[in-house]
């Protein structure tokens, strides 16, 4: 299945991410979960860790949850295991910058509020999100795009 805006076809991790969203998971959970096994994180624990990051940090619409889910995966793979590991810190920072630059280039922003154009903290914004199908039209491509980008970085 081809996505809009020239996005590549979904792969198995992208399919899993979209399926998790369709089942009620948030964008951060959807991106992090398909990488859990290879990164040594229990799937249930990953869902719990990522639960507050959806909709740009609990509907505050800051950084898109798809981006934060990907950043968590970067940290699991390349992050510091001890505070003084400057090399690991710089690697995780560089990969995070690359992820965000590529996501921004593809979707126009890393901020949920810019991507959706509605205020999810209001009933009106939540109604518009549902009625206009923003989850399918905007969040799904952002999730699958973040997964695709992340696969090239890990």
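The values are calculated or read from the model by the stated rules, or taken from the named source; none is laboratory data. In this text the structure is predicted, and so the values were computed from the model without any measurement. Counting neighbours? That spans all protein chains shown, and the Cβs are built from the backbone with ideal geometry, glycine included.
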Check on residue 32, farther than 14 Å from residue 147 by Cβ and out of contact with any strand residue (DSSP E or B) (no Cβ under 9 Å at 6 or more places or on another chain): no
Residues that are within 18 Å of residue 150 (Cα to Cα) and part of a helix (DSSP H, G or I), drawn from the stretch 57-67: 65, 66, 67
Breaking point among (1) within 12 Å of residue 147 (Cα to Cα); (2) out of contact with any helix residue (DSSP H, G or I) (no Cβ under 6 Å at 6 or more places or on another chain); (3) surrounded by 15 or more Cβ atoms within 10 Å (Cβ to Cβ), for residue 12: (3)
Tally, over the stretch 36-63, of residues that are closer than 17 Å to residue 114 by Cβ and without any contact (Cβ under 8 Å) to a residue 24 or more places away in the chain: 1
Search result, residues across the stretch 77-134 that are free of Cβ contacts under 8 Å to residues at least 60 places away in the same chain, closer than 25 Å to residue 46 by Cβ and assigned to a loop (DSSP other than H, G, I, E, B): 79, 80, 81, 82, 83, 85, 110
Selected residue [surrounded by 14 or more Cβ atoms within 10 Å (Cβ to Cβ), at pLDDT 95 or above and closer than 24 Å to residue 154 by Cα] from 87, 98: 98
